[in-house]
Amino acid sequence: MLSQNMKEALNRQVLMEAQSSQAYLAMGSWAEIQPGLKGVTQFFFRHSDEERMHMLKLIHYINERGGFGIIPALDQPVLTFVSLKKAFEQLFEHEVKVSESINNLVEIALTEKDYATHNFLQWYVMEQVEEERLARECNDKLEMIGDDKSGLYLFDRDIMTMDKE
Ligand code: FEO
């Protein structure tokens, strides 16, 4: 059985994952209307689907443990970006915030001696390590590429295989 505090904290994470899904959905839609970003477009849309899966996993867990997974209202995400680099910078910053939030949940679970939730959260802890690594890698590559069109062409092609390990 989840404590009231834990239920509320997990539901805040549901909101965060839903917002992540929306943010990456918006990035996907923006990328789709830019020339030559087919690979990036697919990357953002797939990432959005993954965030939805993260959200669903939490909802099921909250419901299984006697709580109620609340489907949140969402703010409209950022719709346009001055550059692909800016979009990826935002993605990285967002993932760092998600990691902080997951760490905070782990701390609550430990304080409350809720070891089942602590165990459940370990999957998210490791997922965040991968998400941050991937986002950092994309940012580093885009930094190197700068305004080089052929570099961007290769980035767009390679991002389809640059996935989580
Ligand atoms: Fe579910 Fe990218 O955090």
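The values are calculated or read from the model by the stated rules, or taken from the named source; none is laboratory data. Computed from a prediction, not measured in an experiment: that's the story for all the values here. Virtual Cβ from ideal backbone geometry, glycine too; neighbours counted across all protein chains shown. Please note that ligands, DNA and RNA were not included when accessible areas were found on the heavy atoms of the full protein model with its side chains. Shrake-Rupley method; radii C 1.70, N 1.55, O 1.52, S 1.80 Å.
When you look at Gln13, is it crowded, with 20+ Cβ neighbours inside 10 Å and part of a helix (DSSP H, G or I), yes or no?
On the way: crowded, with 20+ Cβ neighbours inside 10 Å: yes; part of a helix (DSSP H, G or I): yes.
Criteria met by Gln13.
Got a number for residues in the range 30-55 being in a helix (DSSP H, G or I), more than 13 Å from the chain's Cα centre (by Cα) and free of Cβ contacts under 8 Å to residues at least 40 places away in the same chain? I'd like the intermediate steps shown before the answer.
Taking the range 30-55 as the starting set, the residues that turn out to be in a helix (DSSP H, G or I) are 30-32, 38-55.
With the extra rule that they be more than 13 Å from the chain's Cα centre (by Cα), the set shrinks to 30-32, 38-42.
Now drop any that are not free of Cβ contacts under 8 Å to residues at least 40 places away in the same chain, which leaves 32, 41.
Total meeting the criteria: 2.
Of all residues in the range 127-149, exactly one satisfies the criterion of being polar (S, T, N, Q) and either within 13 Å of Ser83 (Cα to Cα) or modelled with pLDDT under 95 (or both), namely Asn139.
Kindly evaluate Glu50 against the criterion of being open to solvent by less than 60 Å² (accessible area, probe 1.4 Å), closer than 30 Å to Asp114 by Cα and within 13 Å of the ligand (Cβ to nearest atom). Yes, satisfied. The residues of the range 77-92 that are without any contact (Cβ under 8 Å) to a residue 40 or more places away in the chain and in contact with a helix residue (DSSP H, G or I) (Cβ under 9 Å, 6 or more places away or on another chain) amount to a single one, Ser83.
In the range 28-47, which residue that is in contact with a helix residue (DSSP H, G or I) (Cβ under 7 Å, 6 or more places away or on another chain) and open to solvent by 30 Å² or more (accessible area, probe 1.4 Å) is nearest to the ligand (Cβ to nearest atom)? The selected residue is Phe45. Across the range 56-70, the qualifying residues are those that are open to solvent by less than 60 Å² (accessible area, probe 1.4 Å) and outside any helix (DSSP H, G or I), and the one among them that is nearest to the ligand (Cβ to nearest atom) is Gly69. Screening Thr117 on (1) away from the ligand (no atom under 14 Å from the Cβ); (2) farther than 23 Å from Asn11 by Cβ shows it passes everything except condition (2).
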